[in-house]
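S.K.: My questions will all concern the structure given below.
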Amino acid sequence: MPGSIFREGGAQYYLLKNNKKRLVKLCDYVRISDIRQGCEEPGENGGTMNLVQKYGGKYLRNMEDLNRIADHVAEYRSRVDGLVLVMASMHEIAEQTLTRAETFGEEISRDKLDALFSASELQTAALMACALEKRGVGARVIEDIRGQSLDIVDRYRGKHEIMLDRIEHAFLAGEVAVIPGFQGFGDFGMEDRLGRYGSAATAVAIAGGLKCGCELYGNAEGVCVVDPKVSESRTVFPKISYEEAMELTALGETDLEAGAIELAKTLGVEVFVGPAFNENRIGGTFIVDRSVIVQEAAVSGISVSDDIVIYTIKDIATSGDAISELFEMLGDLSVNVDVISQQTYSENACAVSFSCSGGDIEAIDKAFAGNSRFCNLEVMKKEDICLVSLVGVGMTTHVGVAGKTFATLAENGIRHYNITTSEISISAAIDSDKKNEAVIALSEAFRL
């Protein structure tokens, strides 16, 4: 019948009207809606509507959650031409995997742990495919990461080559493509993730290849205006730019994957982050190009990064060698430095301050003690610090944001230590016990 797919002479074809056949080639970008309606040539009935959805976090804790997702997908399936489900590991399966791994001791090498989680995500994807088939929805698990679905060709520069042949074949067969979130094949036989945990970035990468939208359903139900860690308000942006979302994520809002948002910006993928099973997509956030946002306010949101420490090294030589050695040492320790400042005392001496995560204290202290250039210098360390950040693309066109920020902190008796700025953000390091007071005061000052 028209629209069906069949094999002949080792090749794959689909049948058009009047029993005409057309060869299905690898990565043959045809309009699926045309095939289903038996059009003589692809393109008669307009464009294709494909969609990529990622599920994980609180929406994928156990089999009950998985079946709920399957019910939703079964109802939603007919609304799109091609549907890709990217599955993070079910929490129940991940916990079982970790419990079994712990029988071999506390420490597990990275490649073994990666293999374990890769297997748990594949198991989750296979279970989802089974659940869909039980509901009469065709599904195909795409598991081979070696140049078939998604290949990381440069694990250091993050260049990703998307191979869509198997996804396209699933679409042509009318099947949902179900893909484990852990994808990629790096150098020296090592698997590599896209992003912090991988699933969101994998979903975005596939959406970029298919040139379609991407929906992320996990722990985040949108991008909050004020960091949910310090505010009971759960007001979310209806729409936000890639740049603002990346800044808020990098500066404290941890329910999003900064790498996934950065990849979406690079590939031009519109992303929706919100509550699952919401057919009208109400209550979530669209992350889009800043050119489509009408921005009036200077500040859009506030984020907080906890557990920050500030180091100050006094009487360090102003020569480039000493300062470069300092930050090369920090780089070798994989320390992510947030804020850097330098105060020059004289022609030959200065003080250098930097902030980083409190989790790096032990490694940094040990490195200072063992370095002949720094072991005899005065190294001061201030702990129990947090970084409060104001973010907004409106800062590029508004003046006085910094002045208003510091005036607000001063009026409330909140001392700031280090300051850093970018084109769309201002961050101030303050005492951790003052963060709630600072967030409330700044929210009122900028009417958030």
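The values are calculated or read from the model by the stated rules, or taken from the named source; none is laboratory data. What you see is a predicted model; the values in this text were computed from it and never measured. Here Cβ is always computed from backbone atoms with ideal geometry, including for glycine, and neighbour counts include all displayed protein chains.
S.K.: Please go through region 393-415 and give me each residue that is surrounded by 14 or more Cβ atoms within 10 Å (Cβ to Cβ) and on the phi > 0 side of the Ramachandran plot, ordered by number.
M.R.: First, the residues of region 393-415 that are surrounded by 14 or more Cβ atoms within 10 Å (Cβ to Cβ): 393-395, 398, 401-402, 404-406, 408-409, 412, 414.
The answer is none; no residue qualifies.
S.K.: Would you confirm, using the coordinates I've provided, whether GLU423 is among the charged types (D, E, K, R), under 20 Å from ILE340 (Cβ atoms) and surrounded by fewer than 21 Cβ atoms within 10 Å (Cβ to Cβ)? Before the answer, list the steps.
M.R.: Values: among the charged types (D, E, K, R): yes; under 20 Å from ILE340 (Cβ atoms): yes; surrounded by fewer than 21 Cβ atoms within 10 Å (Cβ to Cβ): yes.
Yes; evaluated as a whole, the condition is true for this residue.
S.K.: If SER355 meets every condition in (1) more than 25 Å from the chain's Cα centre (by Cα); (2) surrounded by 14 or more Cβ atoms within 10 Å (Cβ to Cβ) apart from one, which number is that one?
M.R.: The failed condition is (1).
S.K.: Collect the residues in region 408-430 that are of a type in the set (Asp, Glu) and modelled with pLDDT of 90 or more, keeping them in residue-number order.
M.R.: Residues of region 408-430 of a type in the set (Asp, Glu): 411, 423.
GLU411 - this is the single residue of region 408-430 that is of a type in the set (Asp, Glu) and modelled with pLDDT of 90 or more.
S.K.: Something else about it: State whether the residues of region 111-134 include one that is without any contact (Cβ under 8 Å) to a residue 60 or more places away in the chain and not in a helix (DSSP H, G or I).
M.R.: No, the conditions are met nowhere in region 111-134.
S.K.: Sticking with this one: What strands (runs of 3 or more DSSP E), lying completely within region 312-419, carry at least 3 residues that are under 26 Å from ALA245 (Cα atoms) and in the same structural domain as ASN436 (by TED's automatic domain parsing)? Walk me through it before giving the result.
M.R.: Details: elements: 340-344, 349-357, 379-391.
Ranges flagged: 349-357, 379-391.
S.K.: While we're looking at this one, here's another question. Within region 230-255, take every residue that is at pLDDT below 75 and under 30 Å from ARG68 (Cα atoms) and give me the one that is surrounded by the fewest Cβ atoms within 10 Å (Cβ to Cβ).
M.R.: Pass one, region 230-255, residues at pLDDT below 75: 230-234, 250-255.
Filter once more, keeping what is under 30 Å from ARG68 (Cα atoms): 232-234, 253-255.
On the way: GLU232: 6, SER233: 13, ARG234: 12, GLU253: 25, THR254: 17, ASP255: 16.
That would be GLU232.
S.K.: Next up: What is the number of the single condition among (1) in contact with a helix residue (DSSP H, G or I) (Cβ under 9 Å, 6 or more places away or on another chain); (2) surrounded by 15 or more Cβ atoms within 10 Å (Cβ to Cβ) that ASP111 does not meet?
M.R.: All conditions are met except number (2).
S.K.: Can you work out which of the residues in region 317-339 that are without any contact (Cβ under 8 Å) to a residue 60 or more places away in the chain and under 19 Å from ASP306 (Cα atoms) is surrounded by the most Cβ atoms within 10 Å (Cβ to Cβ)?
M.R.: Taking region 317-339 and keeping what is without any contact (Cβ under 8 Å) to a residue 60 or more places away in the chain, we get 317-337.
Right, trim to under 19 Å from ASP306 (Cα atoms) and you get 334-337.
Details: SER334: 8, VAL335: 19, ASN336: 11, VAL337: 15.
Per the stated criteria, the residue is VAL335.
S.K.: Condition first: touching a Lys or Arg at 6+ places or on another chain (Cβ under 8 Å) and over 18 Å from LEU248 (Cα atoms). Can you find one or more residues in region 380-392 that meet it? Show your work before the answer.
M.R.: Start the filter on region 380-392 by keeping residues that are touching a Lys or Arg at 6+ places or on another chain (Cβ under 8 Å), which leaves 380, 386, 388.
Checking which are over 18 Å from LEU248 (Cα atoms) leaves us with 380.
Yes.
S.K.: Only one of LEU216, LEU194 is under 29 Å from LEU172 (Cβ atoms), within 17 Å of the chain's Cα centre (by Cα), buried (at least 20 other Cβ atoms within 10 Å of the Cβ) and at pLDDT below 80. Can you tell me which? Explain how you work it out, then say what you get.
M.R.: Numbers: LEU216 fails: at pLDDT below 80.
None of the others qualify; the one that does is LEU194.
S.K.: Mind checking which residues of region 88-110 are free of Cβ contacts under 8 Å to residues at least 12 places away in the same chain and more than 21 Å from ASP65 (Cβ to Cβ)?
M.R.: Across region 88-110, the qualifying residues are ARG100, GLU102, THR103, PHE104, GLY105, GLU106, GLU107, ILE108, SER109, ARG110.
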